[in-house]
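**Q** Take a look at this one; I'll ask things after.
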């Protein structure tokens, strides 16, 4: 992987990292406020910079969100999670939801993740973030259903959202937005 930097006046320095593993151009904005553009092989730096410039409003919006969080009063540290009962509760609820909606998966793992609430592999292995236990039950169930739908549809196409909407009774994207709010506050 090779790394370059570019300075954008309204954003500051942006790390441009070429990666053999990347499949698409992606931008990551972190709270510290690091901005990173990941470039897959076969995409020119010129094309990557054009993509970056087209996404400046999106980057600025996320940097403003992080800045706003800094001005909020510091919340007390979150209590430590009692991991064994949390794992049992998350796995038990995933099994209930899967059975209730007719989904199946290969296996489940519970991990401490910094950037994701959950994921589903190509082999239908589901990974859940132990911090899900901190979310309201409705959002926890949403994340689990989101990953279970990925056992059938491996992307975020219209068909995926339609099936997820059907499973949760509508408005999946609104729940996704609420989960992102918690992610900013608890995962960073």
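The values are calculated or read from the model by the stated rules, or taken from the named source; none is laboratory data. This structure is a prediction, so every number in the text was calculated from the model and none was measured. When we count neighbours, we look across all protein chains shown, and the Cβ atoms used for this are built from the backbone with ideal geometry, even at glycine.
**Q** Looking at residue 31 and the list (1) in contact with a helix residue (DSSP H, G or I) (Cβ under 7 Å, 6 or more places away or on another chain); (2) without any contact (Cβ under 8 Å) to a residue 60 or more places away in the chain, which single condition is not satisfied?
**A** Answer for residue 31: the failing condition is (2).
**Q** For the list (1) surrounded by 18 or more Cβ atoms within 10 Å (Cβ to Cβ); (2) under 20 Å from the mean Cα position of the chain (by Cα); (3) closer than 25 Å to residue 174 by Cβ, I need the number of the one condition that residue 152 fails.
**A** Result: residue 152 passes all but (1).
**Q** Mind listing whichever residues of segment 56-70 are at pLDDT below 85 and either surrounded by 11 or more Cβ atoms within 10 Å (Cβ to Cβ) or on the phi > 0 side of the Ramachandran plot (or both)?
**A** 65, 66, 67, 69
**Q** Are any residues in segment 89-112 surrounded by fewer than 17 Cβ atoms within 10 Å (Cβ to Cβ) and either within 19 Å of the chain's Cα centre (by Cα) or more than 14 Å from residue 140 (Cβ to Cβ) (or both), and if so, which ones?
**A** Scanning segment 89-112 gives 99, 100, 101, 102, 104, 106, 107, 109, 111, 112.
**Q** Would you kindly identify the strands (runs of 3 or more DSSP E) lying entirely within segment 4-112 that contain at least 3 residues that are in the same structural domain as residue 131 (by TED's automatic domain parsing)?
**A** Output list reads 108-111.
**Q** Moving on. Only one residue in 27, 16 is surrounded by 13 or more Cβ atoms within 10 Å (Cβ to Cβ), modelled with pLDDT of 85 or more and under 18 Å from the mean Cα position of the chain (by Cα), so which one is that?
**A** The match here is 27.
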